[in-house]
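> Supplied in C-alpha cells, the structure appears directly below.
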Amino acid sequence: MKVIKLLLMVILLGFYSQYTVAVEAVKRCQVGSDSCTFVLLSELKSNVNKGQKQIHIINEKRANKALSPYSTFKIANSLVALNLDIIKNTKQKLSYDKAAYPVQAWWPPVWQLPHYDLTTAFKYSMVAIYRQLAKDIGETNMQAHLKKMQYGNQDISSGLDNFWLNGSMKISALEQVHFLQKIYHNQFALKPQAISALKEVMLVENTSNYRLFAKTGAGKIADGGMLGWYVGFVENSTGVHFFAFNFDSPSYAQMKAERITIAKEHLKLAGIIE
C-alpha cells in the first residue's frame, strides 16, 4: 500500500507541476498586456464549417506592431533560396565565407559544426549560413521575392546580409500569420518542391494527432531586453492552424526558456495540440 500511495503522490505531483507550468506560461501573455501577443488563424475542414476561417488574437494592438523578425526570417530566406535553386534539396551541403563571418567566442557549439545542410542550418538557426544565403540570393532577387510574397514592410535597405536582424525589415504577428497561410497554399506560385522542402525542415513535432511546423526567433530590443518569437502552423484532424507569438523578456535565458512553452500552452488552450 505504501508503494501504491507513493506512486500516486508522484503522479499527482507530476500533474500539479505540469498544471503549474501551464498556468504560469499563460500568465506570461494575458489580455491587456502591451508586451506580448498571440495570433491564431484556423482553417477548418469539417463538413459544417468547410472553408471557414476563425481568428483569435490576444492583444490586437501588439499583434499589429511591426517588429524585427530575427530568425523567423529563415522561413522566407530558405524559401527564396529553394525557389531559385540555390538550395536544391534539404541535404545539400551549405557553407559560408569564414573571413566575412569569423567564428565568435559567444557562438554556441551548434554553430560550429563541420558541415551543414538546410535541415541543420534551419534547426540550429545558424546565422552565418543564412547571411551567406542572402548574399548568394542577391539584392535584386531578394527584393523581388519579398515583394511578391508581401513579407512585412519589404525593406532590405539596412544591409543585404542583416536587414532581418534588428534592421530595416519589420513584420507584425498578424503579417506573420497571413504570410504563413499564403505560403502554405502556395498563393505566390513558387516551386512546389520549394514549399515541400520548407515544410520538411519546419517540422518539429509529429504525433498521431497533429503535426507542428515552427520556427523560433530572438534578439535584443531597445530597452536592453529580448524579443522572442515562435511562429508556424499545425495540421490536425480539424484543419490547419497558423499562429504567431511574440513577447518581450528581460533576458535571453528567460526568453529562450519560455517562448515555446507559452506559445504551445495557448495552442493547447485552443484545442489545437495536446
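> Closer than 19 Å to F213 by Cα and of a type outside the set (G, A, S), is that true of H185? Quick ask: steps written out before the conclusion?
Values: closer than 19 Å to F213 by Cα: yes; of a type outside the set (G, A, S): yes.
The answer is yes for H185.
> Of all residues in segment 122-166, how many are of a type in the set (G, A, S), crowded, with 21+ Cβ neighbours inside 10 Å and either touching a residue at least 40 places away in the same chain (Cβ under 8 Å) or farther than 19 Å from D97 by Cα (or both)? Full working, then the answer.
From segment 122-166, those of a type in the set (G, A, S) are 125, 128, 134, 138, 144, 152, 157-159; that's our starting set.
Still in the list and also crowded, with 21+ Cβ neighbours inside 10 Å: 128, 134, 152.
Next, only the ones that are either touching a residue at least 40 places away in the same chain (Cβ under 8 Å) or farther than 19 Å from D97 by Cα (or both) stay: 134, 152.
The number of residues fulfilling the criteria is 2.
> Inspect segment 202-214 for any residue being surrounded by fewer than 21 Cβ atoms within 10 Å (Cβ to Cβ), farther than 25 Å from L84 by Cβ and among the aliphatic types (A, V, I, L, M) and give the result as yes or no. Before you say what the answer is, go through the steps one by one.
Here is the first cut: in segment 202-214, the ones surrounded by fewer than 21 Cβ atoms within 10 Å (Cβ to Cβ) are 203-211.
Going one step further and asking which of them are farther than 25 Å from L84 by Cβ, we end up with 204-211.
Of the ones still in play, those that are also among the aliphatic types (A, V, I, L, M) are 204.
Checking segment 202-214: at least one residue is surrounded by fewer than 21 Cβ atoms within 10 Å (Cβ to Cβ), farther than 25 Å from L84 by Cβ and among the aliphatic types (A, V, I, L, M).
> From L190, L203, grab the single residue that is over 17 Å from Y151 (Cα atoms) and modelled with pLDDT of 95 or more.
Details: L190 fails: over 17 Å from Y151 (Cα atoms).
Among L190, L203, only L203 is over 17 Å from Y151 (Cα atoms) and modelled with pLDDT of 95 or more.
> Moving to a separate point now. Within segment 95-116, can one find any residue that is of a type in the set (K, R) and either buried (at least 21 other Cβ atoms within 10 Å of the Cβ) or under 30 Å from K53 (Cβ atoms) (or both)?
First, pick out the residues of segment 95-116 that are of a type in the set (K, R): 98.
Remaining after also requiring either buried (at least 21 other Cβ atoms within 10 Å of the Cβ) or under 30 Å from K53 (Cβ atoms) (or both): none.
The answer is no; no qualifying residue exists.
> Can you tell me which of (1) within 30 Å of S196 (Cα to Cα); (2) at pLDDT below 95; (3) of a type in the set (S, T, N, Q); (4) surrounded by 14 or more Cβ atoms within 10 Å (Cβ to Cβ) is the one Q54 doesn't meet?
So Q54 meets the others, but not (4).
> A follow-up question, please. If you scan segment 55-70, which residues turn out to be within 15 Å of the chain's Cα centre (by Cα) and either part of a strand (DSSP E or B) or hydroxyl-bearing (S, T, Y) (or both)?
L67, S68, Y70
> Could you list, ordered by first residue, the pairs with Cβ atoms under 9 Å in which the first is in segment 87-106 and farther than 12 Å from L133 by Cβ and the second is surrounded by 13 or more Cβ atoms within 10 Å (Cβ to Cβ) and among the aromatic types (F, W, Y), at least 6 apart or interchain?
Pairs that qualify, where the first residue is farther than 12 Å from L133 by Cβ and the partner is surrounded by 13 or more Cβ atoms within 10 Å (Cβ to Cβ) and among the aromatic types (F, W, Y), are T90/F122; K93/Y116; V103/W111; Q104/W111.
The values are calculated or read from the model by the stated rules, or taken from the named source; none is laboratory data. Since the model is a prediction, treat every value here as computed from it, not as a measurement. Positions of Cβ are generated from backbone atoms using ideal geometry, with glycine treated the same way; all protein chains shown enter the neighbour counts.
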